[in-house]
Structure formats: structure tokens, C-alpha cells
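The values are calculated or read from the model by the stated rules, or taken from the named source; none is laboratory data. All figures in this text were calculated on a predicted structure; none of them were measured in a lab. Cβ placement follows ideal geometry from the backbone for every residue including glycine, while neighbour counts extend to all protein chains displayed.
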């Protein structure tokens, strides 16, 4: 939970479905503005060994209708679960461990699913003491049936339920075929206005024992996240003005190869051609690949044909690239 | 709503524009936003035509 490229620690109210929050974690909701998510929400002391956590706050007392859902999810790329051999007779057992803290107590629900959401294993965990970090460990026998991707698409969906209607609740402790987000009878975080649900140290590993959390260097963690999302202020795009100076083409090599060709959102960019400066904001065309991106821009006439063009370090221009699952 | 981006002399359009947020979406089947665009097309929707390109 240490990387938060999109919001840099700011609180966000969840208004879209899905809506990414801290890196690799999205909120799934059927109704807007019922929860907020923030890195270190509430500023409680994280568990020993951790500095960050993902914090959910309920913004209303919401009773989910039968088909309503509220949950946090991480989708794990198929390449990273291939060794589990799920969907075969050799399916390996996994253990999921995490630290959780809530203003509520009781039985909470979470679920493991495949990408088509037609294989699922809901499981319970218990928080006995409110506002206290609790270590949870759950061991799950691997699924010997179903389709579990082992490529660059979604391999496993891991969901932590915050509340759901009856359609999306499943029986804990058994593999099934329903697309669910929590367990039958689980505590509903969204049911209480102001309720909190904080989580960190989430680890999914092969075997029946939860080993100690695998702390990785910050640079490694950031690079792993950048496979799925990258954000830039003044992206280092470099290129040239066209013959008519009406367009410019600029490209950059990405520091981390992304999971797939990314979706790009490009803000107004300050451009310098070695003589004049201007701002471009209209993308004519984009050429997006996992390892590089390139754009054609409409360019104001102040730039000179055939001159080099580059984004220079000024203003607050931004570019985001997303190859999320 | 989506909009096609212009072809250029270097080749055909390789992405589409999502009008709501200005996102450029690559024509890559592994990109989830492109998958959403294809689903939108399958519902019978039609994207806006591309703007005329000014120069190259």
C-alpha cells in the first residue's frame, strides 16, 4: 500500500465503477458516493513493520439492495499465478494473509475468483476487537477446475467485501460458480455511517503457511506498479515539428514495459522547438505500445517547421498511462 | 461516447478517443478500455468521425 500514484495520499470519494485508488487496488460500487478511500485514512498507527495502509470510510448508512455491491479488489496478472496450476489436477494450495483494522467487529467476507467470475471461493475472517490491527491468515485448496488465465490477462481476482445484496453473497469455505463479492451474513461496512475498514500487508502465496511479509525495496514496488499505471508531470516527450509546423510528433520510451498497450490521458503540454515555446493540447493521433508511446499534436503556428520539439519542464502538465487489468 | 482519431501518412489510426475524459485508447485486445469500446460498438453505437488532419 506504499504506492499511490493517482492520488498521492489524498482522499477520494468513489463515484465510478470500477475506480482505482491506491496502486493496484480498485473500488467496485453500484452506487456512487457511499465510500471514500485514502492511503492512511484516519491516520492511525499502522501495524509494526508497515508505514502505509489502504483506508475505507463509509460515507452513509447504506443498506445494499439485492444486486448492490461494495468491495475493494486487486486483480492479479495470470503470469504471476501460473505456478499455482489452478484449473488442473495439480492445483496448489494458497495462503492469503493480511492485517486488518475496523471500527466494527464481527465476521467479514472476502472472495477469490477467476477472471470470468464463474469460479469463486468466498471465505470469512473475524475481527474481534474494534480499532485494533488483527492478523488474518486463510488457507485455500487450489481450484482443480475452471479456467484460470496464465498470461497477461487477469489470473485471480481478490475481493474484500464491504457490503453486498443477497445476489452477491456466497457460502464461505467452498468453491462455487457464483460471481460474489462477500460471504453470506458478513458484516457490512457500508451499513454504518462513518465505519472504517483499513487493510495492509496483503500477501497471497503458494502453500499452507503464511510466511512473513515480503518487504520489497520502494523502487522495486514502484516499478511493479508501473507495469499497470504510470503518471508523469512534464512527460519527457521528444520529437519534431512537421513540415507545415501545424503538427508535431513526439515520443518517449517507457521506463517499465506495461502489461499491454496503455490508455493515455494527456494534458496540455508546454512545447519548445529551440526557438519558441507554446502549448499543445490536442492529440490528433496516438501510437501506444507496451514499451513506448508516441503522439501527433495540433501545433500552434509559433513553432517552426522541421525544428525539434520537446516538452519542457514548466507548468503542471500531466500524462497518465493505464494498462490495468 | 468515442471518437475516431485521424489516420496519418504513416498509417491507419491505431487508437480511439474516449470523449468523456480525452483518453486515447489503443486498438489492443488486451487493453480493458478497448474491450469496453468493442462492447460499446457491439451494442450498435457509432463513434464520431475523425477530425480532418491539418498537416504532417
Self-check item: Residues satisfying the stated conditions in segment A:230-263, i.e. within 9 Å of another protein chain (Cβ to nearest Cβ) and over 28 Å from the mean Cα position of the chain (by Cα)
Solution: A:242, A:243, A:244, A:245, A:246, A:247, A:249
Quiz item: Residues of segment A:140-169 being closer than 15 Å to residue A:112 by Cβ, touching a helix residue (DSSP H, G or I) at 6+ places or on another chain (Cβ under 9 Å) and assigned to a strand (DSSP E or B), which ones?
Solution: A:154, A:155, A:156, A:161
Quiz item: Has segment A:258-269 got at least one residue that is in contact with a strand residue (DSSP E or B) (Cβ under 9 Å, 6 or more places away or on another chain) and either free of Cβ contacts under 8 Å to residues at least 40 places away in the same chain or farther than 26 Å from residue B:4 by Cβ (or both)?
Solution: no
Quiz item: Would segment A:191-201 turn up any residue that is over 23 Å from residue A:7 (Cβ atoms), more than 23 Å from the chain's Cα centre (by Cα) and surrounded by 15 or more Cβ atoms within 10 Å (Cβ to Cβ)?
Solution: yes
Exercise. Being away from chain B (no Cβ under 12 Å) and loosely packed, with under 14 Cβ neighbours inside 10 Å is the filter here, so list the residues in segment A:278-303 that pass it.
Key: A:291, A:302
Practice problem: Hey, can you tell me all the residues within segment A:170-187 that are part of a strand (DSSP E or B) and buried (at least 18 other Cβ atoms within 10 Å of the Cβ)? | Solution: A:170, A:182, A:183
Quiz item: Scanning for something at pLDDT 90 or above and at the interface with chain A (Cβ under 10 Å from one of its Cβ atoms), does segment B:9-17 turn up at least one residue?
Solution: yes
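For (1) part of a strand (DSSP E or B); (2) over 28 Å from the mean Cα position of the chain (by Cα), each residue gets a yes or a no:
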{"residue": "A:287", "(1), (2)": "yes, no"}
{"residue": "A:290", "(1), (2)": "no, no"}
{"residue": "A:309", "(1), (2)": "yes, yes"}
{"residue": "A:313", "(1), (2)": "no, yes"}
{"residue": "A:325", "(1), (2)": "no, no"}
Self-check item: Matching option when the condition is in a strand (DSSP E or B), over 19 Å from residue A:175 (Cβ atoms) and touching a strand residue (DSSP E or B) at 6+ places or on another chain (Cβ under 7 Å), among A:121, A:70
Solution: A:70
Quiz item: Out of all the residues in segment A:218-225, is one or more in contact with a strand residue (DSSP E or B) (Cβ under 9 Å, 6 or more places away or on another chain) and either in contact (Cβ under 8 Å) with a residue 12 or more places away in the chain or closer than 30 Å to residue A:317 by Cα (or both)?
Solution: no
Quiz item: For segment B:25-39, how many residues are at the interface with chain A (Cβ under 7 Å from one of its Cβ atoms) and either more than 19 Å from residue A:229 (Cβ to Cβ) or in contact (Cβ under 8 Å) with a residue 60 or more places away in the chain (or both)?
Solution: 0
